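Please treat every number below as a calculation from the coordinates, not as lab data. Please read all numbers here as calculations on a predicted model, not as lab measurements. Here the Cβ positions follow ideal geometry from the backbone for every residue, glycine too, while neighbour counts run over all protein chains shown.
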Amino acid sequence: MRKATGAIVMIAGGLLLAAMPVRADVPVSLSHSVYLGGIYLGSVDTEIQSTQDEYRIESHAITNRKLEWMLDWVAEGRTEGVVEKGGRLKPVGHFHESAWRGKKRGNLISYQADGQVSVTPLGKQPADKTKYTALNPEDIHHSIDPLSMVLEVSRRLDRGEECRGSYPVFDGRRRYDVSLSEVKPRSFPPSSYSVFQGQARGCKLEIDKRGGFRKNADYNLTEQGDLIVWVSAPAQGARMVPVRLQVDTPLGGMEMHLDRYREGPTELVIDRNR
């Protein structure tokens with residue numbers, strides 16, 4: 001149960017890390033709080049800096065310190081890339097490291113101009129690789145990292161386009177395809193959990209596992225119901241960003257709320273007295 005909870009936060013959290021569009025030279029910071037069955041699990045903080053030619057994303061996730069006896073997990077991610085002609089994002093390097101009860105492991109991914117991808121494992125790696133589904137080494141080429149994928153989608157939505165498309169994603173251990181489709185908009189009332197209120201667009205994510213996943217896992221996020229990210233601008237003139245994520249899990253419903261948004265002089269923070 002403890003490993004299942006951490007894995008659920010890691011996979012779903014990865015879908016939100018750095019999920020924002022790029023506007024040149026204006027740093028943006030987001031914070032999302034994570035709840036499982038109504039219990040506060042932790043937070044995911046993200047910051048992005050960019051120019052017209054390149055971008056950099058940094059993220060940090062940490063669990064609720066009051067739950068360390070059950071769930072002690074932290075993660076950091078960083079992606080650097082270039083903006084190609086037409087606005088397409090192309091990662092150059094991606095770093096990810098997580099620690100479960102102090103045991104660290106991660107990966108450093110490098111991307112070549114011809115689409116070739118190389119990965120360097122960091123920290124302690126699983127000793128028995130037979131516990132994981134086979135991963136074709138050639139299948140990681142021409143893939144992108146999770147942060148660049150979600151960023152690419154957010155840019156599409158910020159331009160007013162539909163949530164659609166398919167992306168080949170490799171996070172250093174797992175290779176999967178993410179397919180996106182639009183769902184009906186939803187209106188969210190004022191809440192002490194979020195800085196956002198109003199109507200948001202829905203983006204449904206479907207994950208097709210290609211390799212590198214644990215066999216006989218006691219969790220399966222892709223089979224627990226619809227995984228939907230709700231996206232909107234939290235203030236007038238603000239960017240389209242994820243304001244809510246919802247998915248059913250074996251341990252109950254999980255939600256992620258936007259509790260802080262900062263862009264230049266604009267700063268929104270939740271009012272817990274509301």
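Quick rundown of the values:
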| read-out | value |
| --- | --- |
| Scattering profile of region 130-274 at q = 0.18 Å⁻¹ [log10 I(q)/I(0), Debye over alpha-carbon scatterers] | -1.12 |
| Hydrodynamic radius (Kirkwood) for region 106-214, which is based on Cα pairs only, to one decimal in Å | 16.2 |
| Amide N proximity, region 107-134 versus Lys90 label position 7 Å along Cα-to-Cβ, cut-off under 20 Å | 109-119 |
| Cleavage-rule hits (GluC sites (Glu not before Pro)) in region 53-102: DSSP loop, at most 13 neighbouring Cβ within 10 angstrom | Glu68, Glu84 |
| Pair Lys104, Ala127: separation of 7 Å Cα→Cβ label points (nm) | 2.2 |
| Estimated dipole of region 136-216 in Debye, rounded to 20 [Cβ of Lys and Arg +1, of Asp and Glu -1, Cα centre] | 320 |
| Positive-end extreme of charge dipole, region 133-195 - chosen from Val183, Gly165, Pro137 (charges on Cβ) | Val183 |
| For region 2-264, the Rg and Dmax computed from alpha carbons only, in angstrom | 17.4, 52 |
| Burial ordering of Cys163, Cys203, fewest other beta-carbon atoms within 10 Å first | Cys163, Cys203 |
| Unit charges on C-beta of K, R, D, E only; dipole of region 2-264, Debye | 580 |
| Fully extended contour minus Cα-Cα distance, from Asn136 to Gln112, at 0.36 nm per residue | 6.8 nm |
